[in-house]
Each structure stands twice: as C-alpha cells, then as structure tokens.
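Please read the structure below before turning to the comments.
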Amino acid sequence: MKHIQRIQNAIDFIEKNLDRDFTLPDVSKSAFSALSYMHRVFYQMTGFTMKDYVRQRRFAESVKRLRSSQYSVLDIALRAGFQSAESFSRAFKKHFSITPSECRCNEHEINVCQPLDVRNEFEFISPSHLDFEITLEAVSYHQQDILGFLTHTTLAHDQQVVDICRFANEVITSGKLASHFDLAATPVFGVYTNMNDENEFDYTIACLKSACVRPDLSMVEHSIFSSTYAKFTLNRSDRIKQAWHYIYGVWFPQIDRLRTQGYDFEIYYSDHTDIYIPMERVPLTLMSFGT
C-alpha cells in the first residue's frame, strides 16, 4: 500500500471518530505506521500537525452543530473533546474571535477546516523544479556511537526550523562543538529522536564519540544503528527544510516501502548535506506526484 493511502486512512479514521475519544497512536495504528513517521509525513503533506488537524476539524463540526442543531454548548463541547462548556468557549473564541453563542446567533460565514482528501487535493513539485540538486542512493551504514548536545522543539507552526537554526548557531558557529571534539576526525551529525504525541521531538547536534577530546556532563549519547538507509544528498545545506518537505511530503507518500526502526539523521559537510532514513528496502526513484 502506498503511503499516500495510509495517510488517507488516518484522515478517514479521524473523520469517523471526531465525536469520540482517541489518541494519536490510535490514528497511527489505523494507517499501520509508527507514530513518529506518521507525524512527519502527515505534517509535510498537509501543513497540519495531526493534533492541529483534529482540533481544526472538531471546531468545524462544532460550528455546524451550533448553527444547525439544538444541542447545548456543553453537549457540543463534550463532543469536541473538551471537559466543560467554559474551556470550550474560551478555546472557541480564541480560534474564531467570537463565542459559541455569538456563532449560533450570527449568520456571517466562518472559515472552517474542511475534510482533507490527499489522494485528490495535492499536487507536488517535481525534483527538477527544486532550486537545489538532490540525489538518492541505498547505503548500508554500520553502527556508530555519537555524543552531542540536545535541544527540544516542535513541528507546530514550523517552530523546529527556528529552534534548530538557533541551536546550530549556539553549538556549531560559536565554536562550542570544536572545543569538545576533534572535528578533523569526525563529521557533524544532526539526529532526530523522541517524537511524542504533542508533535514535539529532540534534535541532537553530535560528533563521533571516538573524536571527543573534552567530555561534558550535559552531552547525550546515541547509537546510529546498522541498517539499510535511503541516503539523500543535497548540494545546498541551506535547503534542508525544503529537502525534508520533498522527502516526507512527496517521495514517501508515493512509495510502498516501510521505514524501519532507527533515527533519521543528517551529516553536514562543507559543500553538501546527506540525509539518512532507515528503510527496509529503498526504491531508487526520485519522483513528483503522479509519476
């Protein structure tokens, strides 16, 4: 099954269960995918985090009920996953700038999030239309132990881009990494770990443990597992955000091969960046939607 259908299965599950309690792992199971993987593909394809999409769709259904039914605000709040009419009303007003009661009495149109259909609604760019070069190969990577410094961030509102850039300046540009590692004996890694239900994750900038010349108690250690990886090489390190969007928002949805256990990570070089994703098998085709 192609991953675009898996994402649609997740959307269909959400739509069928908007009135019920469910967790993001429940959504992930409906698509037969790991939660951390689901977070990234869903976000890169739709622009919504899964949590935000659920919230937006529940608000949309609440508007419909306020205007077409006699349900009380409390009944509508409970169906939307809130514990009280008061908490629902506060969140509703923050989202729409009017209260539920005003919404019920007001006939002006309100913009709400419509159900997504990723099979029909999305057109994706071709690799030839990117403003950087990206190539793909299957590689076997042998286990490496790395040490480095960690930050915590979130996919919400693209905050990870701001946080990781700031963190890279703090750790790399400032010379902090060079003071702890022999950089001539190691590449620099960027490793994604610990994605949780809130769309938050950890990002570690690290070097080979064997190249550490001055350990620090604040460092964290990871093991990059031996595995087959899809290795994407891009010729511009300032296009990592766009590369991840292409990989998880265009390439992954159109393949049927599964990601395996392990970390997604980057290795930075002076003239290019390599992105590694653990895969059971790597289809060696870079594609645009519909190819």
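Here, each number is a calculation from the coordinates, and none is a lab measurement. What you are looking at is a predicted structure, and each value in this text was computed from that prediction instead of being measured. Here the Cβ is made from the backbone with ideal geometry for all residues, glycine too, and neighbour counts use every protein chain on show.
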Per q in 0.09, 0.15, 0.18 1/Å, what log10 I(q)/I(0) does a Debye calculation on the alpha-carbon atoms of segment 3-118 return? -0.26, -0.67, -0.89
For segment 127-278, compute Rh as the Kirkwood radius over C-alpha pairs and then the Stokes-Einstein diffusion coefficient at 4 °C and 1.567 mPa s; write the answer in µm²/s, rounded to an integer. 80 µm²/s
Förster-model FRET efficiency, 35 Å R0, A211 and D26, C-beta, rounded to 0.05: 0.25
Whole-number D in µm² s⁻¹ for segment 78-182, Kirkwood Cα-pair radius fed into Stokes-Einstein, 37 °C, 0.692 mPa s: 161 µm²/s
With the Cα gyration tensor of segment 202-291 giving a ≥ b ≥ c as the square roots of its eigenvalues, does the rule (a/c under 1.5 for rounded; else a/b larger than b/c for prolate; else oblate) give rounded, prolate or oblate? prolate
List the residue ranges in the chain for DSSP H helices whose C-alpha atoms run 15 angstrom or more along the long axis and whose Kyte-Doolittle average is -0.5 or above. 3-16, 35-46
Treating only Lys and Arg (+1) and Asp and Glu (-1) as charged, each at its beta carbon, one finds that the chain has a dipole about its Cα centre, in Debye to the nearest 20, of 620 debye
Taking the chain and counting helices only, DSSP H stretches of n ≥ 4 at -39,500 (n - 2.57) each over all residues, the nearest-500 ellipticity at 222 nm comes to -10000 deg cm²/dmol
Simple spin-label estimate for N9 and T260 in nanometres, 7 Å along Cα-Cβ: 2.1 nm
So how strong a dipole does segment 3-118 carry about its Cα centre when Lys and Arg Cβ are +1 and Asp and Glu Cβ are -1, to the nearest 20 debye? 200 debye
Please order R6, R239, R20 by the number of other Cβ within 10 Å, starting at the fewest. R20, R239, R6
Taking Cα atoms only, Rg over Rh for the chain with Rh from the Kirkwood formula is 1.04
For T99, put the label point 7 Å out on the Cα→Cβ axis and report which residues of segment 42-77 keep their amide N under 18 Å from it. 63, 66-67, 71-77
Find how much the distance from E107 to V162 grows on full extension, using 0.36 nm per residue of separation minus their present alpha carbon separation; answer in nm with one decimal. 15.9 nm
When the chain is treated as a GNM, springs tying every alpha-carbon pair under 10 Å, which of Y248, Y53, Y269 comes out with the largest mean-square fluctuation? Y269
Subtracting the Cα-Cα distance from 0.36 nm times the residue separation, let me have the gained length for S128 to E170 in nm, one decimal. 11.7 nm
